[in-house]
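None of the figures in this text is laboratory data; all of them are computed from the coordinates on show. All of these numbers come straight from a predicted model, not from anything done at the bench. Ideal geometry is used to build each Cβ from the backbone, glycine not excepted, and the neighbour counts take in all protein chains shown.
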Amino acid sequence: MANFFDEENSSATDFVIPNIRHLRVIDAVARNASVSRASVEVNLSQPAVTQAIAKIEAMVGRSLFDRRQNGSYPTPAGEVFLHRIRRFLDQCDRALSEVSQTDSIQPLLRHVTSAQIRCLLAIARSTSFSQAARAVGISTASLHRAAREIETILQKPLYQPTKYGLILSPVGLELARKIGLATREIEAADDDIRYLDGVESGRISIGTLPMSGAYLIGAAIADLTNQFPEARVSITNSPYGILLNSLRTGAIDIIFGVLRRPDWAIDIEEEPLFYDPYCIVARAGHPLASLPSISISDLTHYDWIAPGEGSPRRRYYDALFEGEERRPRIGIETSSLSTIRSIIAQSDRLTLVNRHEVEIEERLKLVSILKWTPSLPPMQKGITTRSDWHPTPIQSRFMNLLRKHAKLAAG
């Protein structure tokens, strides 16, 4: 079964999804400003509506409505919670309707339970139904039943057989991805509500590319945690394809680094921050470091460290020596900046990097930037996010700090 969700992101199965019918009750009471009118809309008795509100308020730990003689009105915490649950319900409704082939005008989410959604997400991130059942804490038979119930509601197959057993089909995986993203709205509600008390303790999960440059992102993170000590930051360093998948599944909130969104990723948007010029780097004290000028011929006399074939940086490296009779030897291929740094420091090898990627090393005089400027276009770097992402207060703070440091880096 496809490992659709990041194993380190436990929200798919560990996060408790509130009773969906109760969430619809909260929405109905807010829109109608009345428990009695809401009870008619959701087809529940008034005591049942009152009980649903009490259960959600107990879960949130806040009063969500101000009960008055002329109606029930959301409290500040209620307004914040409503914003997130409406996004959750809307995203779930859209995801289900895109899959279903029925002509029902009723939102399909009315027929889906939070337990069924939890099972779907567990299946998406597990390698087998038995593993998914253990993650949810139910029997395999119960998991199969929940899986088939969603298929019945949607009247659309979500699974396909293989020699290893049932797995989610591409349609099922895409549904799980969108539902998983919707659950992040419920998670974000807690950070939003705590912000009302002046507590900025939210979480941001950042994806960085292997050679995105540690100094700038590190400076922004240091500023954030110094200003807001309760903020939690997680950082994942992976190739672009893995990070893009993690972003689209909600495992991370942003990608920082080179902007290279594929045309098909229409649910992703990019924010350019600065242009990062290329430079050629050697160890401190390298024979070429003291030369006032360097020729292409000088560069071909040393072994190089270069990224693997097919990467944008490798194409630029190849362009450097295009048309030259002699090309330097590439003895090592890697995109790991820490590996490059370690090898460069202990040899006469050269490498092509962006200037801000070695800013710390240059300040500490661990490397030398050779006096030769490649005639290559600078790399555009910035932030990649989901198009419909609504950041929490702490996430917005971090984004602004990152923009500030990028502006300083751009000069």
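Before moving on, here are some points about what is shown:
- Helical mean residue ellipticity (222 nm; -39500 (n - 2.57) per DSSP H run of 4+; nearest 500) of the chain: -14500 deg cm²/dmol
- Per-pair calculated FRET efficiency, R0 = 25 Å: Ser130 and Ser100 via Cβ, rounded to 0.05: 0.35
- P(r) tail for the range 256-411: Cα pairs beyond 19 Å make up 60% of the total.
- Computing FRET efficiency as 1/(1 + (r/R0)^6) for Ser63 and Tyr195, where r is the C-beta to C-beta distance and R0 is 25 Å, gives about 0.90.
- Helix 114-124 axis, angle to the chain major axis (alpha carbon atoms, nearest 10°): 30
- Taking the range 396-411 and a reference point 7 angstrom along Cα→Cβ of Arg363, the backbone N atoms nearer than 12 Å belong to 409.
- Here the range 93-237 carries DSSP beta bridges of which approximately 40% are antiparallel, counting only pairs with both residues inside.
- At R0 = 25 Å, FRET efficiency that the Cβ-Cβ distance of Asn226 and Glu270 yields, to 0.05: 0.35
- Relative to the longest principal axis of the Cα atoms of the chain, the long axis of helix 20-32 lies at roughly 80 degrees.
- Pairwise inverse Cα distances across the range 11-177, averaged and inverted, put the Kirkwood hydrodynamic radius at 17.2 Å.
- On the principal axes of its alpha carbon atoms, the range 351-392 extends 44, 27, 12 Å, with the longest extent given first.
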